[in-house]
1. Any residue at all in segment 405-414 that's within 14 Å of ligand 2 (Cβ to nearest atom), surrounded by 15 or more Cβ atoms within 10 Å (Cβ to Cβ) and in the same structural domain as residue 315 (by TED's automatic domain parsing)?
2. If the requirement is being away from ligand 1 (no atom under 16 Å from the Cβ), at pLDDT 95 or above and open to solvent by less than 10 Å² (accessible area, probe 1.4 Å), which of these qualifies: 417, 444?
3. Restricting to segment 407-423, count the residues that are more than 29 Å from the chain's Cα centre (by Cα) and part of a helix (DSSP H, G or I).
4. Which pairs turn up if I take residues in segment 504-521 that are open to solvent by less than 10 Å² (accessible area, probe 1.4 Å) and modelled with pLDDT of 95 or more and look for partners that are within 12 Å of ligand 1 (Cβ to nearest atom) and hydroxyl-bearing (Ser, Thr, Tyr) with beta carbon separation below 7 Å, at least 6 apart in sequence or on another chain?
5. Can you pull out the residues in segment 420-435 that are over 25 Å from residue 460 (Cα atoms) and surrounded by 14 or more Cβ atoms within 10 Å (Cβ to Cβ)?
6. Being under 17 Å from residue 473 (Cβ atoms), more than 16 Å from ligand 2 (Cβ to nearest atom), crowded, with 21+ Cβ neighbours inside 10 Å and not β-branched (Val, Ile, Thr), is that true of even one residue in segment 184-194?
7. Among 384, 394, 378, which is the only one that is in a helix (DSSP H, G or I) and either assigned by TED's automatic domain parsing to the domain that holds residue 336 or away from ligand 2 (no atom under 16 Å from the Cβ) (or both)?
8. Taking residue 499 as meeting all but one of (1) in contact with a Lys or Arg (Cβ under 9 Å, 6 or more places away or on another chain); (2) more than 20 Å from residue 330 (Cβ to Cβ), write down the number of the exception.
Amino acid sequence: MKFEGIAASPGIAIGRAYLVNEEEYCVIKRNVSEAQVKKEVARFKKSISRTENQFKRQRDRVIEEMGKKYARLFDAYMLILRDPLLYKDTIKLIYDEKINVEYALQMVIDKITKIFSMLDDEYMKDRIRDIQDVGNKVMRDLLGQQGVSLKDIQNRVAIIAHTLHPSDTVEMKKDRVIGFATDVGGKTSHVVIMAESLEIPAVVGLKRITRHVSPGDLLIIDGNEGIVHVNPDPEIIRIYRKKKQELEEARSQLIKIKDEPAVTKCGVEVELAVNIETVQEVSTVAQYGAKGIGLYRTEYFYINRSNLPTENEVYERISEVARSVFPHPVVVRTLDLGADKLAVQLGIKPEGNPFMGMRGIRLCLAYPGLFKTQLKGIMRASEIGNIHIMYPMITSIKEIKSANYILKEVIDDLESAGTPIKKGIKVGVMIETPAAALDIEHIANEVDFFSIGTNDLIQYTLAVDRISETVSYLYNPADITILKLINHIISKAGEKGKWVGMCGEMAGETLYTELLIGMGLRKFSMTGMFVPQIKQVIRNTTIAKSEDLARRVLAAGETAEIIEILRKNKEEYAK
Ligand code: PEP
Ligand code: MG
């Protein structure tokens, strides 16, 4: 079987499937033996009883705290639990099809949803949600009994999951996880960015792959083309083994230019830095011949732990990174928690629209104690290396002023305590919202530098969720509006005498390198493994050629035309 999704993290992985169940569960079909059928039914009945008891407990608590009328929902839920549509049909399906209970239950929920959705009745739509809710509760109970987690992985496996979170990927070990494929997700989700950093091939947005894979199935994950093969023919395996080998050879050829300078044919230098999420990734700077770190996503230090890091811990982490790449710079981005990276310690309630919610600088300003602790740690480390500070998710000057005010307080505190810190540390902001991009001239008065975060800039400008597979067809760096904004940012920053870099995923894509150089960009930061390919493009072009390309692209009115120009340009360069 072949599945097509979104090419996320490049490379090819061939190996056995390992299925991960997590909160937004994935359901796997398993055929069971005659003897096992009864056990599956028993599991179902036990799960129904456990869920019923859970509802009862919740109902009693609600009665106690809020009164009887609020407890009716739980009575309704308990009726649904035993409703023949859900209860009897699931059992029947297990017997008839000889399948595992999770899959049978999922099929029943899907069937009910489909039938009731056809009715144009708001009341019935609400009932569907109730049935789904109850069904999901039973499903979680069933899956919870299996209790598998990424941490338990012992062998080299390819992961299949409905969805993964950055907190999962950050735990993946390159020597255990050879690749992953998920039902949902978009190209620039932090899950994918992390996979790139770990150099793990990944395909996302496969919609229903979890339903078609069983543990131990042989998988081919093609992260370049966005394809996953499940139990492929020997011939396909042979082709992919060869392809994998060719890709690896091409990579090791390319890496040979790591010690060559990133200079155009006409002698202009372009700075190439790497993005990192963890201290371990610092090695990619030297490995790929980059000049420092253009984006250190510090928030990963705050997830997957029950307490918050102390000032000393922050100091030690940042110092280690700064020391390792000295004299090259490290752009330390202050906490960008929120959206898809949650710190449970803060007890922030989940939001309906988290990318638009309490995220990045908003969260830091709402929790000044947390922000100050981080800034203190960073400022103390400034003595050790070449550190710049950068604020994420800026939408207004006011936020920068408030953040700078807090930074000043931190500096004053440290100075009056006699703590050595570097004077005149450079402070910049991410330009990743249309609001910041459009007000760049004013913002320039408050900061020393900018870094264009295309991952968010694209999602906020085009109103397209970066982690959604359903609208991923709209997520396009070559969209004329995005290119106009980027051109605006670069030229206005230049007029104001402020340097500007790019650290979004677009910076690592060869299709756009010459275009961006043509617009005047001279600093690129990306996942380490993309540095050699970008360097190669730089070394093969000239400023005049790049400027000509930028002129043609910006004059083209439509995105399709732009893509055509960029593709042709890339083909010519590849000759
Ligand atoms: C961006 O938005 O482009 C960026 C680099 O930041 P992040 O991917 O961490 O949101
Ligand atoms: Mg961002």
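1. Step one: filter segment 405-414 for residues within 14 Å of ligand 2 (Cβ to nearest atom), giving none.
No: zero hits.
2. Step by step, each of 417, 444 is checked, and only 444 is away from ligand 1 (no atom under 16 Å from the Cβ), at pLDDT 95 or above and open to solvent by less than 10 Å² (accessible area, probe 1.4 Å).
3. Total meeting the criteria: 9.
4. Close Cβ pairs (under 7 Å, with a partner that is within 12 Å of ligand 1 (Cβ to nearest atom) and hydroxyl-bearing (Ser, Thr, Tyr)) amount to 504/454; 506/454; 507/525; 508/527.
5. Answer for segment 420-435, where residues must be over 25 Å from residue 460 (Cα atoms) and surrounded by 14 or more Cβ atoms within 10 Å (Cβ to Cβ): 421, 422, 425, 426.
6. Yes - at least one qualifying residue is present in segment 184-194.
7. 378
8. (2)
The values are calculated or read from the model by the stated rules, or taken from the named source; none is laboratory data. Remember, it's a predicted structure, so these values are computed and weren't measured experimentally. Quick reminder, even Gly has a Cβ in these numbers, built from the backbone with ideal geometry, and neighbours come from all protein chains shown. Accessible surface is based on the protein model in full, side chains and every heavy atom, while ligands, DNA and RNA are left aside. Shrake-Rupley method; radii C 1.70, N 1.55, O 1.52, S 1.80 Å.
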